[in-house]
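Reading through the structure tokens given below for one structure.
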Amino acid sequence: MTATPLTDIHANLFSARAAGIKQSAVRDVFELSLDESLVSLAGGNPYLQLLPLEKLGAIAQRIIVGQGPVALQYGSGLGTEELREQILEVMAAEGITNVTLEDVVVTNGSQSAQDMACKVFCDPGDTVLCEDPTYVGALNTFEAYQVKAAPVATDEHGLIPEALRERIHELRAAGERVKFLYTIPNFNNPSGITLAAERRQAVVDICREEGVLILEDNPYGMLRYEGEAAPTLRSLDADNVIYMGSFSKILSPGLRIGWAALPTHLFRRFYLAGEAVALCPPTLNQMIISAYLNEHDWRGQIASYNEVYRSRRDAMLKALAEYLPEGIHYTRPEGGFFIWLTLPEGIDTYELLQEGVQAGVIFIPGAAFSPNGQGANTLRLAFCAVDEDTITEGVRRLGALLEAKLA
């Protein structure tokens with residue numbers, strides 16, 4: 001008798017949830033970006049060369065030598081009290097003052113906070129609302145938890161409040177259980193669009209009236225290059241908004257430290273959901289961040305980031321205006337890392353990416369960011385990680401590729 005291969009046996013052991021766990025298109029393209037012959041306009045990587053690396057190295061050494069038994073040990077599942085106090089200061093810099101220490105939990109990046117929210121609030125078959133396009137990592141989390149992502153209509157000013165209410169009613173009339181709205185109000189990843197200040201209170205009010213929780217994801221809020229900052233949704237409603245922040249874009253993604261600010265009555269269940277998976281966020285990383293915030297002008301550091309990113313955004317916008325053929329539309333973000341291109345119908349940007357590799361430029365196909373897999377003719381460009389000359393050359397290569405494609 002022929003033994004059944006282990007691959008077949010193990011395939012029968014997979015859960016239904018496992019089918020929804022996929023590698024994102026961003027990670028797929030990341031491997032391509034390692035090829036130095038290609039200009040990568042794909043990755044949303046902060047420009048870490050601006051950091052005070054010698055100072056951070058000295059901080060890490062000092063902590064390990066002087067406080068190693070604490071720094072390298074298990075810690076509180078909530079995060080260190082010092083960092084949580086400092087997170088209140090960081091949020092206050094964005095106008096969020098309706099949060100107490102008891103409302104804040106440190107997470108393994110804001111991605112972990114998204115996972116915790118799905119675990120606490122969603123059963124298989126539930127529905128969450130989101131922008132289209134939206135962050136691919138969130139879509140992957142929803143899919144892994146067997147949650148349906150329902151897009152809400154947007155325009156160049158973000159979510160349309162009237163469309164949000166209509167969508168909630170439409171879904172509920174169809175028997176759907178709508179749990180929360182996941183939104184990136186500031187410099188949306190991938191579109192770069194910001195929710196207009198005058199719409200924010202309406203979005204908050206509609207969700208409160210309709211019994212829909214809000215998950216506000218705000219990793220880019222401090223990376224503003226022009227215009228006036230709009231109030232965060234959390235600052236408008238402390239009781240119905242879970243705010244997710246991150247040190248990944250304003251300090252280092254490799255430290256994997258983010259946080260969530262919860263409505264007080266939701267805190268315990270949310271915190272326990274995270275502790276059950278990660279036990280605790282890494283103590284050493286938290287201590288490094290605390291020392292950095294205490295000993296370095298972190299606000300000035302963000303201002304330095306903004307100066308560099310503004311120049312790179314401007315270089316990309318200038319190159320797009322110069323090299324793109326007619327009939328292509330793109331966003332003009334006031335901050336963040338990304339510009340979103342919409343090409344003529346009929347162009348598939350997954351296919352275009354393969355041709356882009358041959359032409360020496362790579363990007364992220366837009367359909368990866370759509371809850372319904374729409375937007376085959378869209379793509380995301382990132383301007384944060386490469387200098388102005390490289391951006392210009394990358395856009396020139398992309399423009400030539402599109403000229404040939406359209407011809």
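The values are calculated or read from the model by the stated rules, or taken from the named source; none is laboratory data. Computed from a predicted model, the values in this text were never measured in an experiment. Because the Cβ atoms are built from the backbone with ideal geometry, glycine has one as well, and the counts that use them run over all protein chains shown. Areas reflect the complete protein model, heavy atoms only, side chains present, ligands, DNA and RNA absent. Shrake-Rupley method; radii C 1.70, N 1.55, O 1.52, S 1.80 Å.
Structure notes:
- The DSSP beta bridges internal to segment 175-326 are antiparallel in roughly 35% of cases.
- Solvent-accessible area assigned to carbon and sulfur over the chain amounts to 51 percent, based on a 1.4 Å probe.
- The mean sequence separation of alpha-carbon pairs under 8 Å and at least six residues apart, normalised by the residue count of the chain, gives a relative contact order of 24 percent.
- When the Gaussian network model of the chain links Cα atoms closer than 10 Å, the mean-square fluctuations of LEU129, LEU284, LEU171 top out at LEU171.
- Selection of GluC sites (Glu not before Pro), segment 309-407, meeting DSSP coil and at most 15 other Cβ within 10 Å: GLU326, GLU345
- Within-10-Å neighbourhood charge of ILE160 [Cβ basis; K, R +1; D, E -1]: 0
- Bridgeable aspartates and glutamates around LYS119 (alpha carbons under 19 Å apart, same-chain partners fewer than 8 residues away excluded): ASP103, GLU143, GLU176, GLU216, ASP217, GLU275.
- Residues of segment 87-209: accessible area per residue with a 1.4 Å probe, Å²: 35 Å²
- Dividing the mean sequence gap of close Cα pairs (under 8 Å, 6+ apart) by how many residues segment 1-127 holds gives a relative contact order of 13 percent.
- Mean Cα-pair separation over length for segment 225-313, i.e. relative contact order, pairs under 8 Å, 6 or more apart, %: 25 percent
- For the pair segment 209-241 / segment 339-407, the C-alpha centres are spaced 30 Å from each other.
- Share antiparallel - DSSP beta bridges, the chain, percent rounded to 5: 55 percent
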